[in-house]
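Colleague: I'd like to ask some things about the structure below.
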Amino acid sequence: MQAAPDHLDAKRTELILQQLEQLPTLPAVAMQVLEVTGNDQSSARDVVKLIESDVSLTARILHLVHRPDMGVRGEVNSVDRAVVLLGFAAVRSAVLAVSVFETFGTGPQRKFCHFVRDDFWKHSIAVACCAELMAETLAEIYRKDAGIEPSQAFVCGLLHDLGKVALDAVLPKSFDRVVEAVEMLRGNIADVERKVIGLDHMVVGKRLAERWQLPPAIRDSIWLHGQLPQALPATVKNPRMVNLVTLADMLVREQHLGYSGNYTFTVPRQVLLDAVGLTEDHIKQVLQNLVARIEPRAQALGLGRASSNDLYQQALSRANRELGRVTEQLASKNRRLAIRAKFFDALSGFQSELRPDAPPQTVLQAVGQTAVGVLDVKTLCAFSLPPGQAFAEALLFDETGCVFENTLVDCPNRPCKPEGDGPVLAAGDEMEWIVSAISPRLSHEQRYWICLEADGQCIGGIVWGAPAGEAQRLSTQVQELTAIASGWSLALRTAQIREEARTLAEQLAEANRQLHNAQNEILRSKMLISIGEMAAGAAHEMNNPLAVISGRSQLLASQLDDPKLKQSAKLIYEQTHRISDIITELMHYAKPQPPKPAPADLADLVDRALHEVRQQTDVKDRRIEIAVGDIPPVNVDAEQISSALAEILLNAVLATDPTQGQVEVHAAFDPYSCRVAVTITDNGVGMDEKTIKHAFDPFFSNLKAGRRRGMGLAKALRWVESSGGSIRLESRVDHGTRVLLLLPAAPNETATIVVPQRKAAT
């Protein structure tokens, strides 16, 4: 329903307020009494004359003076005496109370009417008596500083809901709908009044009080009761009175005395106690005397006999009805809470069982296990749709939550996020691709599903078979199912994102590795080119001088008779040849001969390498173990690889102790990569991280100067890589070194992994 424009609402409100003009005014004598008692120049005689002019008013005043709480002994038969005993304030309040009650009274009783004035006035009198008792308590505590006359507090409490009875008189049908709605909703009557009528009873009561020219304290109590103390306008002359009436209304409603038509408390009790200046002990004493105070006041106003027993019975009846209603509400809430607890426990268990790094399949399995318990089905299917894939991974669960089948289902068209208020949907044509695949395994012919979605896209779902009434049963659990479906969706999408991130990280790492290798290869190529150019230049520039030095040193050696000089000339000749060998070696490293790969026996290559090592150094007591076994041929340049093995073996031998050194050579074939792995291990001094980093650099050596030129491992790496292999070095100081060579196997080799047999060679 479309709301009316603001100017129409304002016009409607003004028309309703104008109808208040149709209500009767206070009796003339009452208006005159109010005027005279409010004038400081008036005398008691003036008041007496006005009261005696109205027989009914005279009887009410004389009856009022004989109330038990007045403490008057003996008979009071004259108005003069009554006015003196009561005082102007009490007389004014009594006249006003009697006049208002006679104006509205209990009213006509309509059929099917929800607003009963008799019960309403009982509530109003109870509030008035409660306010009066609290005002008397304040007078005892603060003496004259309380600022509240008990008689005035009585009238303010009596008339605080004047707007309700006014609305009932002006708009009986509309106000009856308000009361009916409040009874159903158990809410704040003012909120319902504003929605149904357009304004609340506080505003109506204020306008009526202004029309009757009631005192400001009464008008403010009618208009502002029920508001927070700090929210009262600064223009209120007696805010304590307003807070007192609000507190009295709250206490009477708690006691179920009469009918107020309101079921909410908008102001905290302690806030009102602090604003009024009373404690819980004071309130306890007030409530003990309340019912006894109500009975004579109800009789004085002509409400009929309201004995303490009647009031207790009425309050008990209302309390029992309210208790029955609350009990039913609690039972309904308990049933609802039981359902919510079931879903909460399921969601909590689902979250607690998942590891932070759980993969999508683990999450999907947890989703299916939770769904079995939540949906209370015997069989269901949980599926996920990996991003960018045209298939779904489906898990089928039995009633115990165990997976009895895991399958992949083609998904030609990814289902869209379904439209609807709830998560449970009938599995229609859009789900035929998975329903047809799992249908024989599901019970019942009716199929339902819950879509798991993220960012508006379907990422998975739950499919199960159930009776036709399943959707109706689960419609009462829409909020809970929506919440747990959101939890499932979030967990599954998080796992998918984590898996995507893991895959991307692996791809990035591999790309970085390849880039790093490419960069290193470029640097090494540049270095090799520089070395080659340097070696070529050195050879070109140095060969002629070296040839001259070599020739002249030979000539000198042949012509000199002095042995020492002759030996020096020979040394010069040898060193020139050494320089020439270094230059040649450097040129071969920078620009090696192209490899000539061919099938070669690894054992033969190792033997050739060991033979070369023996020619270069004395192995003596060093123990060398060879375990090659039945290894398929390697597809390499035999000469280069045997030389590379020799360089590595030589380094291993030189790194070990001459008497206790041990070197092991193992080999094995990996049929999956079609490579032969050769490991050369020694128990020597080992290498630190810096040495390992530069071990394959040209001219790098950790041996004493003059022992090696530092080209051995560099050449070995060059030769191995030229044949399509690789070298990896592992070493720890004082724990030896391990060199791993991976060499390509000869084509069409189908040998299996062989555990090599050890043989020792020294």
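Colleague: What's the exposure ranking of 246, 503, 264, 576, going from fewest to most Cβ atoms within 10 Å?
Modeller: Details: 246 28, 503 10, 264 14, 576 21.
In increasing order of surrounding Cβ atoms, one gets 503, 264, 576, 246.
Colleague: Restricting to Cα pairs below 8 Å that are 6+ residues apart, what does the relative contact order work out to for the stretch 381-512? Please round to a whole percent.
Modeller: Value for the stretch 381-512: 22 percent.
Colleague: For a protection proxy built on the mean count of beta-carbon atoms within 10 angstrom, sort 664-673, 680-689 highest first, please.
Modeller: Top to bottom by mean Cβ count within 10 Å: 680-689, 664-673.
Colleague: Among 402, 381, 458, rank each residue by its count of other Cβ atoms within 10 Å, from fewest to most, as a rough exposure measure.
Modeller: Taking fewest neighbouring Cβ atoms as first place, the list is 402, 458, 381.
Colleague: With a 10 Å Cβ neighbour count serving as the proxy for reagent exposure, in which order, fewest first, do 385, 523, 228 appear?
Modeller: Numbers: 385 22, 523 10, 228 14.
Exposure proxy ranking, most exposed first: 523, 228, 385.
Bear in mind these aren't lab numbers, they're just calculated from the coordinates by the rules spelled out. Predicted model, so just to flag it, every value in this text is computed and none were measured. Here Cβ is always computed from backbone atoms with ideal geometry, including for glycine, and neighbour counts include all displayed protein chains.
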